[in-house]
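The values are calculated or read from the model by the stated rules, or taken from the named source; none is laboratory data. Note that this is a predicted model, so its numbers are computed, not measured. Counting neighbours? That spans all protein chains shown, and the Cβs are built from the backbone with ideal geometry, glycine included. Areas reflect the complete protein model, heavy atoms only, side chains present, ligands, DNA and RNA absent. Shrake-Rupley method; radii C 1.70, N 1.55, O 1.52, S 1.80 Å.
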Amino acid sequence: MGGLLALSRVIDAVTAFIGRNVIWLILAAIIVSAGNAIIRKAFDMSSNAWLELQWYLFGAVFMLAAAYTLQRNEHIRIDILSGRLSQNARNWIDIFGHVLMLLPFTALMIYESTPFVLRALYSGEMSGSAGGLIIWPARAFILAGFFLLFLQGISELIKRIAVMRGLIADPHAGQGHHAPLE
């Protein structure tokens, strides 16, 4: 189990690095958006490429931050039910959820999106919009996001099993649940 925990720490470090740095893409999207708006209003000019770049940046943030969200235990839960369960029951739900849903789904998305990305890359496929961008970078973010989410799912599974065996402290202990809406 020591080797698996070492693998988990490496995956966690990569996920945390990407998650903490992808925020800069939000700033880039804001700058592109503001610049595009200023040029459009001041000079009555615009480009579909700038609009698509905003979408690419937002999509990159969404896809690349998904693994970090899972690592930080910030994904959506039904807290009203989960909060009533014992920690052991929540651990088992996480294990089954990761094994039966998260990992198979992300593996399927990796499998299906790889040729999707490669076709766009090799063909040089362009956006259908006049003056649009090439497509493969946006599709590559989809593939990268699911790949990172798959790896983080493995890491979370390793940690959950280690917690249940008493090998490590629960990394999410003391975080509590999100406050219900009032």
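Taking the residues in the range 121-138 that are under 13 Å from Tyr56 (Cβ atoms) and not in a loop (DSSP other than H, G, I, E, B) as candidates, determine which candidate is most open to solvent (accessible area, probe 1.4 Å).
Trp136
Can Leu64 be described as open to solvent by 40 Å² or more (accessible area, probe 1.4 Å), closer than 28 Å to Arg20 by Cβ and not aromatic (Phe, Trp, Tyr)?
For Leu64, the condition - open to solvent by 40 Å² or more (accessible area, probe 1.4 Å), closer than 28 Å to Arg20 by Cβ and not aromatic (Phe, Trp, Tyr) - is not met.
Are there any pairs with C-beta distances below 6 angstrom linking a residue in the range 43-71 that is modelled with pLDDT of 90 or more to a residue that is charged (D, E, K, R) and not in a helix (DSSP H, G or I), with the two at least 6 apart or on different chains, and if so which?
none
Of everything in the range 5-24 that's of a type in the set (A, V, I, L, M, F, W, C) and open to solvent by less than 50 Å² (accessible area, probe 1.4 Å), which residue is nearest to Phe62 (Cα to Cα)?
Residue satisfying both the conditions and the ranking: Val22.
Select, from Phe105, Phe141, Phe150, Phe116, the only residue that is closer than 30 Å to Met45 by Cβ, in a helix (DSSP H, G or I) and under 24 Å from the mean Cα position of the chain (by Cα).
Phe141
Yes or no: Arg40 open to solvent by 100 Å² or more (accessible area, probe 1.4 Å) and of a type in the set (Lys, Arg)?
Spelling it out, it is not the case that Arg40 is open to solvent by 100 Å² or more (accessible area, probe 1.4 Å) and of a type in the set (Lys, Arg).
Can you find a residue that is among the aromatic types (Phe, Trp, Tyr) and more than 17 Å from the chain's Cα centre (by Cα) anywhere in the range 68-88?
no
Within 19 Å of Ala140 (Cβ to Cβ) and assigned to a loop (DSSP other than H, G, I, E, B) - does that describe any residue in the range 54-69?
No.
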